[in-house]
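The values are calculated or read from the model by the stated rules, or taken from the named source; none is laboratory data. All values reported here derive from a predicted model rather than from experimental measurement. Here the Cβ is made from the backbone with ideal geometry for all residues, glycine too, and neighbour counts use every protein chain on show. Keep in mind that these areas ignore ligands, DNA and RNA; they rest on the heavy atoms of the full protein, side chains included. Shrake-Rupley method; radii C 1.70, N 1.55, O 1.52, S 1.80 Å.
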Amino acid sequence: MHWLSVALGGAIGAVCRYWVSVSLFPVTQYRFPLAMLSVNVLGSLAMGILYVVIVERGGLPDQARNLLMVGFLGAFTTFSTFSLDALSLWQNGDQLMALIYVVSTVALCLLAIICAVWLTRLL
């Protein structure tokens, strides 16, 4: 049953990531990987909230951890795609944009998960 939860969550997460990419393409048109930055920040925010609710508080069953944290967020966030986007920017001669992308992704994702954990603990 755990495998099924991970698989279902992963399928939904992958579809949601694709939807964000398609929705943001008209805005960025590959000039900056805003879609991947967005899903990684949103995923970090959601991971912080779910960590407190599921792991620390036990507010949801363990099955929810497999479905949401492992499956959905595992497929929704895309660190491998992040790495490829950064490399592509670098290899295409836009080193400054690659650096901005790497630093902003890491900093914003850390900030998102810190804020999510802090805020969720307050509730």
message = Looking only at the range 74-102, filter to residues that are open to solvent by less than 80 Å² (accessible area, probe 1.4 Å), outside any helix (DSSP H, G or I) and at pLDDT 90 or above; which one of those is farthest from I12 (Cα to Cα)?
response = G93
key: Test set (1) open to solvent by less than 40 Å² (accessible area, probe 1.4 Å); (2) under 25 Å from L123 (Cα atoms) - G59 fails condition number   = (1)
request  = Go through the range 111-123 and count every residue that is part of a helix (DSSP H, G or I) and open to solvent by 100 Å² or more (accessible area, probe 1.4 Å).
outcome  = 4
task = May I ask you to list the residues in the range 1-50 that are polar (S, T, N, Q), in contact (Cβ under 8 Å) with a residue 60 or more places away in the chain and either open to solvent by 30 Å² or more (accessible area, probe 1.4 Å) or more than 15 Å from F79 (Cβ to Cβ) (or both)?
result = S5
key: Residue check, T105 surrounded by 13 or more Cβ atoms within 10 Å (Cβ to Cβ), touching a residue at least 60 places away in the same chain (Cβ under 8 Å), under 18 Å from V39 (Cα atoms) and of a type in the set (S, T, N, Q)   = yes
inquiry  = Quick check on the range 52-74. Is at least one of its residues in contact with a Ser or Thr (Cβ under 8 Å, 6 or more places away or on another chain), over 14 Å from S5 (Cβ atoms) and of a type in the set (G, A, S)?
reply    = no
note = Only one of (1) among the aromatic types (F, W, Y); (2) under 24 Å from H2 (Cα atoms); (3) more than 17 Å from the chain's Cα centre (by Cα) does not apply to F25, and that is (2)
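To keep it simple, each residue is scored yes or no on (1) in a helix (DSSP H, G or I); (2) under 13 Å from the mean Cα position of the chain (by Cα); (3) not aromatic (F, W, Y).
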{"site": "L37", "(1), (2), (3)": "yes, yes, yes"}
{"site": "V41", "(1), (2), (3)": "yes, yes, yes"}
{"site": "M47", "(1), (2), (3)": "yes, yes, yes"}
{"site": "Y51", "(1), (2), (3)": "yes, no, no"}
{"site": "L60", "(1), (2), (3)": "no, no, yes"}
{"site": "Q63", "(1), (2), (3)": "yes, no, yes"}
{"site": "M69", "(1), (2), (3)": "yes, yes, yes"}
{"site": "F72", "(1), (2), (3)": "yes, yes, no"}
